[in-house]
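Down below is the structure, laid out as structure tokens.
All of the numbers you see were taken from the coordinates with simple rules; none came from a lab. The structure presented is a predicted model; accordingly, all values stated were derived computationally and were not measured. Note: ideal-geometry Cβ built from the backbone for every residue, glycine included; neighbour counts use all protein chains shown.
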Amino acid sequence: MVLSSIRFKITLWYMLILGVTLLIFSVSVYQNFSGNLYGDLDDLLQSKAEGIVRSINTYWQAQEMDAAKEGSRASAAEKKDRENFLRIVRQWAQERSDDAKIPAAAIQIFDRDGRKIAASASAPDALNIPLDTLNSALEEEDDFYDFRPEGKKALPLRVYATPIIEDGKVSYIVQVASPVNQVYAALDNLKMNLLIFLPLTVLITGVAGSLLAKLTLNPVTDMVKTIRQITAENLKLRVKIPGSRDEIKKLADTFNDMLAKLESSFYAQRKFIQDISHELKTPLTILKGEFEVALQRIRSADEYEDTLLSSLEEVDRISKIVDNLLILVRFDSQEIPFKFQPVELKQLIQGVVNDISVLSNSKNIMIDFTDSDPLPLTADESYLRRVFLNILDNAVKYTPESGAVSIALRAQEPYAVIRISDNGPGIVPEELPHIFERFYRGGSSSRAGSGFGLGLAIAKSIAEAHKGRIEAQSRLGQGTTFNVFLPLFF
Ligand SMILES: Nc1ncnc2c1ncn2[C@@H]1O[C@H](COP(=O)(O)OP(=O)(O)OP(=O)(O)O)[C@@H](O)[C@H]1O
Ligand SMILES: [Mg+2]
């Protein structure tokens, strides 16, 4: 649970990314630093060697000038001067090794054959000139290399060798060496610092990150607690909305919206069931009463027939309710197998008008169907008939005797609009928004009598399944108009 929690994962990723970034950073800092330190040391060694080379050259020039003056004693002077030269060189080597910039620097001078002719005291005996370096010196090239003395504790030396050129040819090689202990110490120091700093930083940010994640996710934990308490009986509960304006707030808002929808649909379902029970109870009570009365004593055949006939009316009523309910439930679960096919609207409505004429004639109501151009649609014919049947049934049912009903068709891109108006009692404004609700029956219906309050709900569902809609307008005492919008092509 803890290991799979978002908090743990975020913290772990956070630490991992930071660790890797810091590691890359540290390695590059270390390499850069070590490169710089070696570069500085090499520069020092080089400048020191160049100093010696310069001094030796100056000495030689002075010697040449003396020899030129004394001409004849050249060879003796040369020999003497060689010795003199070696002595001076040894002395230089001693003196110049003592340098504040590179302490413990070792200076050695080799001849063309690689023989050590002078060495400062600090130069280890084992430090000679490697063949490669000698060869490159003879080709007038200088060279850097590392020398590792024997012994475990001995520090490696950084060595620089450069040739001394006399009369255009390499005569000696100056070699300057310095222990790299300062470089090592500085690098060790840096390494230690990085080794402490890196894990410590990762640890601190890990702890801080974990706390931050906890803080951020606290509202989610609260939410989970609330959600756990929600049951079908407890749909009124809402999760606490955090004060922030972030994704968590969005989540809480969305969740509360969903709860509100769930609550309302749950109560709608409950009300629906109550309404159904209520609706079925009335005809069943009547049926029961009729049967009970019939069974009180022996009846004649005519009496039984009467009872059965009036029972049949109630059974019809029940079966009509159940039929309507079935349609609505199927709409809800989108299970209706529509058979969409080309339908000619004018003919279809004419058929419905004919069907309803028995009713309208009996109330002496005129149905005026204004002639129109044919309007072809794609629709399920039998369901579409039901839409107009239910609306026309209302119009005829609620309009008093000798009233008038009119039907008009027109195309209003992208819809075909069918207007059905009556001059009946109209609908009170407070009722109008509810007339499409299931089991809703307005005040006018009680006057007109029987009805389940399902006709318009079914008509609306069918229109919507055809990607259309129904609008109702009404003026109290003047009449009601229904406009059915159906897409011309879909
Ligand atoms: N043309 C109309 N004139 C006046 N009131 C109407 C008209 N059409 C609908 N109503 C009102 O809208 C309510 C809902 O209509 P709906 O057709 O859904 O139910 P119903 O006619 O009462 O019952 P059912 O159609 O299931 O037999 C009616 O009860 C009535 O109050
Ligand atoms: Mg109706």
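Worth a mention:
- A straight line joining the Cα centroids of segment 255-285 and segment 110-178 runs 102 Å.
- For the chain, the longest principal axis of the Cα atoms and the long axis of helix 455-465 meet at an angle of about 40 degrees.
- Residues in segment 261-271 carry Karplus couplings, in order, of 5, 4, 4, 5, 6, 5, 6, 4, 4, 4, 5 Hz; the curve used is 6.51 cos²θ - 1.76 cosθ + 1.60 with θ = phi - 60°, and Gly or Pro positions show x.
- Rounded to 10°, Cα long-axis angle of helix 6-70 versus longest principal axis of the chain: 20 degrees
- Net +/- balance of residues flanking LYS214 in space, Cβ distance below 14 Å, scoring K and R +1, D and E -1: +1
- Cβ-based exposure ranking for GLU430, GLU314, in which fewest neighbours within 10 Å come first: GLU430, GLU314
- Counting only the Cα atoms, the chain fills a convex hull of 347 Å³ per residue.
- Pairs of alpha carbons in segment 349-451 whose separation is greater than 18 Å (percent): 52 percent
- Sequence of GLU381, GLU64 once ranked by neighbouring C-beta atoms within 10 Å, starting from the fewest: GLU64, GLU381
- DSSP-defined beta bridges in the chain - what % are antiparallel, rounded to 5: 95 percent
- Scaled radius of gyration (Cα, divided by 2.2 N^0.38 Å) that segment 6-186 gives: 1.47
- Taking other C-beta atoms within 10 Å as the exposure proxy, SER4, SER26 rank SER4, SER26 from fewest upward.
- Charge sum, other residues only, whose C-beta stays under 13 Å from LYS116's C-beta, Lys/Arg counted +1 and Asp/Glu -1: 0
- A DSSP coil position with no more than 15 other Cβ atoms inside 10 Å describes the following trypsin sites (Lys or Arg not before Pro) in segment 297-400: ARG297, ARG299, LYS339, LYS363.
- Per-residue ³J(HN,Hα) for segment 219-228, Karplus 6.51 cos²θ - 1.76 cosθ + 1.60, θ = phi - 60°, Hz, x for Gly and Pro: x, 5, 4, 4, 4, 4, 4, 4, 4, 4
- P(r), alpha carbons of segment 267-332 - 5 Å bins starting at zero, rounded %: 4, 15, 20, 19, 13, 10, 8, 5, 3, 1
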